[in-house]
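One structure is given below, encoded as structure tokens.
The values are calculated or read from the model by the stated rules, or taken from the named source; none is laboratory data. The model shown is predicted, which means the values in this text are computed figures rather than measured ones. No Cβ is skipped: glycine too gets one built from the backbone with ideal geometry, and neighbour counts run over all protein chains shown. Ligands, DNA and RNA are stripped out before the accessible areas are found, and what is left, the full protein with its side chains, is counted by its heavy atoms. Shrake-Rupley method; radii C 1.70, N 1.55, O 1.52, S 1.80 Å.
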Amino acid sequence: MSKAQTSISLLSEILDFFASVKMALVLLITLAITSILGTILPQGEPLAFYRQLYTPWSGKLIGFLQLYDMYHSWWFQWLLLLLTVNLIVCSLKRFSSTWKVVTASPRSVSEHLFETLPFNQKFSLKEPPMDSRVWVQSLLGRHFGKLTPLSLNQGTAFYFEKGRFSRFGVYLVHSSVLVIFMGAIIGSLYGFKGFLEIKEGESRDQIFIKGPHALKKLGFSVRLDRFTMAFYPNGMPREYRSDLSFRENGQEKERAHLRVNDPFTYKGVTFYQSSWDQFPTSIKLSLKKGGQESEVGIKMEERVAVPGTPFSLLAVRYVNNMANLGPALGMILFKDQEEVDQGWVLADHPEFHGNRLGEFQLKVKDIKTQYISGLQVNQDPGVWFIWIGSSLMLIGFVVAFYFSHQQVWIWIRGKKDSSGADQTEILIGGTAHKNRGAFVRKMEQLTKKVRVT
Amino acid sequence: MNSSLLLSWVTFGYFFSALFYLISLVLKKQGIGQVAGWIIRIFFLTQTGAIILRWVESYQMEIGHAPLSNLYESLIFFSWTIALIYIWIEWKTKSRAIGVFATPFAFLAMAYASFSPNMNTRIQPLLPALQSNWLIAHVITCFLGYAAFAVSCSLSIMYLIKKPRTGKKKDNQGLLSFFPGIPVLDELVYQTIIIGFLLLTVGIATGAIWAHSAWGTYWSWDPKETWSLITWLLYAALLHARMVKGWYGTRIAWLSIIGFACVLFTYFGVNFLLSGLHSYGAT
């Protein structure tokens, strides 16, 4: 063999491998094992996080293999693509032979046919059946339905068949996987996943989305009219609800009550209740220094002077429930223009020793808050492919697992026994394309009656 | 009479059932096996009653929901599904030897639910994320699937014990003669995997529908989702190996045991070792 021929045969061997069930097994197991990685390694963190957590070298590896977003990494996508190609090629390769079997007319009876069938038995009867068609029908018809007479020169022959369609089950399953993949691709190409934080009384007409174009215009505006929470008697949350109204060109078009598990779709964009927060609108503080006490009213992120002093205060953060100690304010104290101190002030614990900035002892007298509702805002035109694909897959499983293509041939012919007397010989044979053991056992049961007659 | 009391009886009931199956096999006494069979049936019914009662009790507390909402309730349901599938298999095969390997799983699930010190056994109201009709469909199909895989794993263990000791000249197999035959065991391993695989698929699909209405995405690579997919991929590989490559017996039995290990990790490991959206399953 020449070098060129060797390399061609090697190439075709490689191609054959990629189109083989062995490859499918390798891919399924590889996908399973690699998927474990993404459940152990935190996902979606910035690269610096991994460099800090692990050695610089493994940080580089994580960057190269995109393990920070493993399920969308180049190599994982390649594995999925390979699986898709393998699935299509394997299915096409097998489909032509399946098609031949499904469209073929039943094979005519011969000694050879019966020898090749997984179930085949011969019976000898002294008397031929009165009406062979009725006899065969009563013997097997209950299990195989209508029989077809086969034409031949010697004796009579019949043919039973059922479950021919079941040979298509596996193709239904495989195409359902493709439909699901298609849905996922359509979703990622033509859909978006966004997020919206919206205060009570506020309107928004654009959302934040993941990806390079961080802001997206909705084409309409959504207003949070009211956010409410309800609790069970034991204090556990029972309901989060956002009352929304949708507006276009200044005109209200529709209203909706959004709850967890109860999303609302407006113009193809679906809104989901996702989270909530509180935001202080006005805060009343008392400040004590030496024996002097003064009161100031402040707003978030607005610097307010402490009357009669060179000091001023700025509230930069608000946490709804800090370490289970209730609401806390993150504050900075300035003297003239310079920062002199910062710290957390606990609103519900006025005696907390940390409620102190510089020489001031701070006490929160009152906080008026406003709710913020966090909404997931998505559009996914591929989702119906997922539901249709899943349904097809289940139907395909039932067909592929619980139905099999079963064929039975019966040949009744005259024969002389050893003493030369006339006899009837009956040959019964059959095959099933799945679960042959059970089929053979069933046939043995059914043909027991023949010996009795 | 309340559901907790009934459930503690069930724990002991399943223990004695497993014990009697074992004694019956060791002493080769069919009668004791019959008693074990009656015990598991009686306590299966008791457990059914207890689950219904717990459901009723939650309505009396005016927070009515199906008892499928936390780890404790899921363990009880898991144990119930194992008992259900085992009883069905015993009825189909008339073999009580399988009970020695299958009923301990039903007992262990109950024992874990009853005796673990950190277990929250109270009936609690449903958090907003769990208030969905898909909860029942999702949990029932997943756990029926898990139970089918558990029974398949027991059958695989039996296969691996029996296989190397069959075909020897002396037909003195002792205890092993009470096991179903090698072809029957192999067929049962396969059949239970098919049932589990179908139900796991329905479980993942109903979970996806639910996730889509609760979080807006049908799939978010949350650790529990991912591990259920890993389990699914492994059993998919097993089915291809069997249906197309003609794998049989020992290799399938080992794969079935590895598959069940994945199931256990999906169920427990993810709750305790990894964090994610399914955190309510951990308490």
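Among the listed pairs B:K162/B:K245; A:K253/A:K284; A:K253/A:K365; A:K93/B:K224, which have their C-alpha atoms separated by more than 31 angstrom in this model? Spell out each step's value before the answer.
Working: B:K162/B:K245 24 Å; A:K253/A:K284 39 Å; A:K253/A:K365 42 Å; A:K93/B:K224 36 Å.
In this structure, A:K253/A:K284; A:K253/A:K365; A:K93/B:K224 exceed 31 Å between Cα atoms.
Taking a probe of 1.4 Å, how large is the accessible area per residue of the range A:279-369, in Å²? Each step should come with its number before you reach the end.
Numbers: 5230 Å² over 91 residues.
Per-residue accessible area for the range A:279-369 comes out at 58 Å².
Taking only protein heavy atoms and a 1.4 Å probe, what accessible area per residue, in Å², does the range A:3-92 have with all protein chains in place?
Details: 5480 Å² over 90 residues.
That works out to 61 Å² per residue.
Got a sec? Charge dipole of the protein assembly as shown, +1 on Cβ for Lys and Arg, -1 for Asp and Glu; which of A:S373, A:G437, A:I14 is way out at the positive end?
Farthest towards the positive end: A:G437.
Just reorder B:K162, A:K100 by solvent-accessible area, largest first, 1.4 Å probe, all chains present. Please list the in-between numbers first.
On the way: B:K162 15, A:K100 145 Å².
Sorted descending by solvent-accessible area, the residues read A:K100, B:K162.
Whenever you get a sec, compute what percent of the accessible area on the range A:1-125 sits on carbon and sulfur atoms (1.4 Å probe).
69
Using a 1.4 angstrom probe on protein heavy atoms only, which residues from the range A:34-72 are buried by at least 20 Å² of accessible area when all chains are present rather than their own chain alone?
Residues losing area: A:S35, A:I36, A:T39, A:Y71.
Cut-off under 16 Å on the C-alpha distance; same-chain residues fewer than 8 positions from A:K126 excluded. Which aspartates and glutamates are left, in chain and number order?
Here the aspartates and glutamates satisfying the reach criterion relative to A:K126 are A:D417, A:D422, A:E425.
List for the range A:358-392: residues with 50 Å² or greater reduction in accessible area, all protein chains versus chain alone, probe 1.4 Å?
The answer is A:W387.
In terms of Cα to Cα distance under 21 Å, which lysines are near enough to A:K122, apart from those fewer than 8 places away along the same chain?
Within the straight-line limit of under 21 Å, A:K122 reaches these lysines: A:K415, A:K416, A:K442, A:K448, A:K449.
Only four residue types carry charge here, +1 at the Cβ of Lys and Arg and -1 at the Cβ of Asp and Glu. Report the dipole size of the range A:279-369 about the Cα centre in Debye, rounded to the nearest 20. Before the final figure, lay out each step's value.
Working: 11 positive and 12 negative charges, 41 e Å.
Using only the charged Cβ atoms, the result is roughly 200 debye.
I'd like the residues of the range B:205-228 whose 1.4 Å-probe accessible area shrinks by no less than 50 Å² going from the isolated chain to the full set of protein chains.
Output list: B:H212, B:S213, B:Y218, B:W221.
Below 8 Å, C-alpha to C-alpha, sequence gap of six or more: please give me the relative contact order for chain A in percent. Write down the numbers at each step before the final one.
Values: 765 pairs, mean separation 86.2, N = 453.
It comes to 19 percent, rounded to a whole number.
For A:D262, what charge total do you get from the other residues with a beta carbon under 15 Å from its beta carbon, if Lys and Arg give +1 and Asp and Glu give -1? Could the numbers behind the result be given before it?
Working: positive: A:R238, A:R241, A:R255, A:R259; negative: A:E239, A:D243.
Its environment carries a net charge of +2.
So which residue, out of B:T206, B:T81, B:T121, gets the largest mean-square fluctuation from a GNM of chain B using Cα contacts under 10 Å as springs?
Highest fluctuation of the listed residues: B:T121.
Tell me the total accessible area that A and B bury against each other, 1.4 angstrom probe, in square angstrom rounded to 100. Numbers along the way, then the final one.
Working: alone 27590 and 13690 Å², together 37430 Å².
Buried area (both sides, nearest 100 Å²): 3800 Å².
Keeping every protein chain present and rolling a 1.4 Å probe, give me the accessible area per residue for the range B:193-250 in Å².
Values: 1620 Å² over 58 residues.
It amounts to 28 Å² per residue over the range B:193-250.
What does the charge count near B:I157 come to, summing +1 for each Lys or Arg and -1 for each Asp or Glu among other residues with Cβ under 15 Å from its Cβ? Spell out each step's value before the answer.
On the way: positive: B:K162, B:K163, B:R165, B:R251; negative: B:D186.
Taking every Cβ under 15 Å from that of B:I157, the sum is +3.
Quick one: pull the percent of accessible area on chain B belonging to carbon and sulfur, 1.4 Å probe, ligands and nucleic acids left out. Numbers along the way, then the final one.
Details: 8110 of 11800 Å².
In chain B, the share of accessible area belonging to carbon and sulfur is 69 percent.
Highest GNM mean-square fluctuation, chain B, Cα pairs closer than 10 Å: which of B:F105, B:F149, B:F272?
Highest fluctuation among the options: B:F272.
Could you state how much accessible area A:S419 has, in square angstrom rounded to the nearest 10, with a 1.4 Å probe and all protein chains kept in place?
For A:S419, the solvent-accessible surface is approximately 100 Å².
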